Amino acid sequence: MFYDRAKIFVEGGRGGDGCVSFRREAHVPRGGPDGGDGGRGGDVVLESDASWRDLVSLHRSRHFRAGRGGHGQGKQRHGARGSEQVVAVPPGTQVEGLDGTRYDLVEPGQRAVVAAGGVGGHGNKRFATSTRQAPRFAERGLEGEVGWIELRLKLLADAGLIGQPNAGKSSLLGRLTRAAPKVASYPFTTVEPVLGTLDSGDRQLVLADIPGLIEGAAGGAGLGHEFLAHVERCRILIHMVDIAGEDPAGAYEAVRTELGAYGDGLELLPELVVLSKRDLVPEAEADAAVAEWSDRLGGDALGVFSVSSATGAGLDELRLVIFEAVPGEEAPASVSEAEPGFEAEHITYRPAGDQGFDIERVGDGVFEISGRGIEMLIARHDTQNPEALGYVEQRLREIGVIAALRRAGFEPGDEVRIGEDAFELDPGD
Ligand SMILES: Nc1nc2c(ncn2[C@@H]2O[C@H](COP(=O)(O)OP(=O)(O)OP(=O)(O)O)[C@@H](O)[C@H]2O)c(=O)[nH]1
Ligand SMILES: [Mg+2]
């Protein structure tokens, strides 16, 4: 099996709580607040690692949890940062993190934070002001991001071998590279993409053998449709057509139709056409076919060649042509052109910011406030602690929530619900 998809559960570490503490010194009867901050929870991070070829390891274990942040302590000691949880994935993995950021991990070593740890709470030292010299509250740490994410692997190959089943794709890969794919005289021998490396002495190219494509592949027929996604990242296609087959031109058109039907511009990739099995027809017929196909396709193809994996005819020339067709300077198979807006580690989407809130009257004297910033404020404080509640009220006033509540018909003493919390709010003026 070749695993090109996986779904895993990721959990960022919870932030540590801030500490409530007061200085105690021999000669100072009542010292000031000295509670330290909680540490940040650890992140779950995907890291592209060339020792992996597919996502099989993520099928064996699917839960990844980063470490909690340490709690703050007295004497202004801050809690330790939670430990990071690193998940190794093969280069070519695409993923959307829990915050909606999309990543494409192309180069080994690239990283993506898919579940951020929660922030730590501030210790009581931070809440000391001239009018509140001895705050007896501190913030709680926040939960880390939690949820399921889906990973998708898209192979990074320079050239993709495509064609109908039995066209001779695997045989060619076996002749041009050290890969040893299964070859047999029945269709659908290849059931998963196989990669091989083509070596010119000073440069290497990766060739991918894609399972045979049949009519309807883009819509789900056969096996090839599963792997059309891998063709996306190839820089050129090597389209193989069995010259000794019943209807070579029809076979070629059928595959072209599937490429177009798949979308994503697969049909726009530069294509080398290779007429295979030339040993099965007379020499002159093979040469005539090459001339005829070149005429017919004209500029639509990079070129037309005929080879035999059985006798080796035409293989040396084809090898040179493949190297010429794939430009050398760039890094292999950068995805940015094929899929705009999905480049390596570029943020393409961010959910709405933390500002803003909504107030809804949900019953007589009961108001529900929603909004990420407000919900975080409440999650960080113990509203049962009168001092903490006093602080929360002050913040709500500053943000404009109290004024908005009043406009919505709120009376002091009414119930306010925010997130999981419900409390009576009686703000002074
Ligand atoms: N005579 C001859 N037979 C060939 C040649 N290339 C491949 N074959 C035969 O054609 C059959 C199919 O070859 P494969 O390489 O498995 O074809 P494929 O395109 O990978 O097929 P799928 O994996 O099913 O899509 C096998 O029986 C091969 O031995 C060739 O150049 N000459
Ligand atoms: Mg094959």
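The values are calculated or read from the model by the stated rules, or taken from the named source; none is laboratory data. Model, not experiment: these values are computed from the prediction. Using ideal geometry, Cβ is built from the backbone for each residue, glycine included, and neighbour counts are taken over all protein chains shown.
Tabulated results
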quantity	calculated
Boolean, LEU173 is near ligand 1 (Cβ under 9 Å from one of its atoms) and out of contact with any Ser or Thr (no Cβ under 8 Å at 6 or more places or on another chain)	yes
The stretch 173-193 - residue that is surrounded by 20 or more Cβ atoms within 10 Å (Cβ to Cβ) and under 24 Å from ASP4 (Cα atoms) and, of those, farthest from ligand 2 (Cβ to nearest atom)	THR177
Selection from the stretch 60-80 of residues that are at pLDDT 95 or above, under 25 Å from the mean Cα position of the chain (by Cα) and assigned to a loop (DSSP other than H, G, I, E, B)	ALA66, GLY67, ARG68
Residue in the stretch 160-169 that is more than 25 Å from ILE214 (Cβ to Cβ), part of a loop (DSSP other than H, G, I, E, B) and of a type in the set (A, V, I, L, M, F, W, C) present	no
Restricting the stretch 418-429 to residues that are among the charged types (D, E, K, R) and part of a loop (DSSP other than H, G, I, E, B), the residue that is farthest from ILE369 (Cα to Cα)	ASP429
Boolean, ARG296 is closer than 19 Å to LEU161 by Cβ and of a type outside the set (Val, Ile, Thr)	no
Yes/no for PRO270 being modelled with pLDDT of 85 or more, farther than 22 Å from LEU153 by Cβ and buried (at least 17 other Cβ atoms within 10 Å of the Cβ)	no
Yes/no for ALA157 being surrounded by 21 or more Cβ atoms within 10 Å (Cβ to Cβ), of a type in the set (A, V, I, L, M, F, W, C), touching an Asp or Glu at 6+ places or on another chain (Cβ under 7 Å) and in a loop (DSSP other than H, G, I, E, B)	no
Breaking point among (1) buried (at least 23 other Cβ atoms within 10 Å of the Cβ); (2) on the phi > 0 side of the Ramachandran plot; (3) away from ligand 1 (no atom under 16 Å from the Cβ); (4) not acidic (Asp, Glu), for GLY123	(2)
Within the stretch 236-319, strands (runs of 3 or more DSSP E) holding 1 or more residues that are among the polar types (S, T, N, Q) and more than 16 Å from ligand 2 (Cβ to nearest atom)	303-306
The stretch 177-231 - residue that is of a type in the set (Ser, Thr, Tyr) and modelled with pLDDT of 80 or more and, of those, nearest to SER309 (Cα to Cα)	THR177
Matching residues, the stretch 113-136, being touching an Asp or Glu at 6+ places or on another chain (Cβ under 9 Å) and more than 14 Å from GLU11 (Cα to Cα)	GLY120, GLY121, HIS122, GLY123, ASN124, LYS125, ARG126, PHE127, ARG132, PRO135, ARG136
Unmet requirement for GLY100, which otherwise passes all of (1) within 16 Å of ligand 2 (Cβ to nearest atom); (2) among the small types (Gly, Ala, Ser); (3) modelled with pLDDT under 90; (4) under 25 Å from the mean Cα position of the chain (by Cα)	(1)
Pair list, Cβ < 9 Å and 6+ apart or interchain, from the stretch 120-146 residues that are assigned to a loop (DSSP other than H, G, I, E, B) to residues that are of a type in the set (Ser, Thr, Tyr)	GLY123/SER21; ARG132/TYR391; PRO135/THR129; PRO135/TYR391; PHE137/TYR391; ALA138/SER21
Among (1) farther than 30 Å from ALA379 by Cα; (2) modelled with pLDDT of 95 or more - the single one ASP17 does not satisfy	(1)
Pairs, first more than 14 Å from SER276 (Cα to Cα) in the stretch 163-184, second more than 6 Å from ligand 1 (Cβ to nearest atom) and of a type in the set (D, E, K, R), C-beta under 7 Å, six or more apart	PRO181/ASP209
Matching entry among VAL183, VAL191, VAL206, VAL146 (being out of contact with any strand residue (DSSP E or B) (no Cβ under 8 Å at 6 or more places or on another chain) and closer than 23 Å to THR93 by Cα)	VAL191
Residue within the stretch 398-408 that is touching a Gly at 6+ places or on another chain (Cβ under 8 Å), surrounded by 12 or more Cβ atoms within 10 Å (Cβ to Cβ) and of a type outside the set (Asp, Glu) present	yes
Scan of the stretch 397-417 for residues that are modelled with pLDDT under 90 and not in a loop (DSSP other than H, G, I, E, B), ordered by number	ARG397, GLU398, ILE399, VAL401, ILE402, ALA403, ALA404, LEU405, ARG406, ARG407
Test: residue in the stretch 245-265 that is within 16 Å of ILE162 (Cβ to Cβ), modelled with pLDDT under 95, within 15 Å of ligand 1 (Cβ to nearest atom) and not aliphatic (A, V, I, L, M)	yes
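Quick grid of which residues meet (1) surrounded by fewer than 22 Cβ atoms within 10 Å (Cβ to Cβ); (2) among the charged types (D, E, K, R); (3) more than 20 Å from GLY144 (Cα to Cα):
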| residue | (1), (2), (3) |
| --- | --- |
| LYS7 | yes, yes, no |
| GLY15 | no, no, no |
| GLY38 | no, no, no |
| HIS59 | yes, no, yes |
| GLY79 | no, no, no |
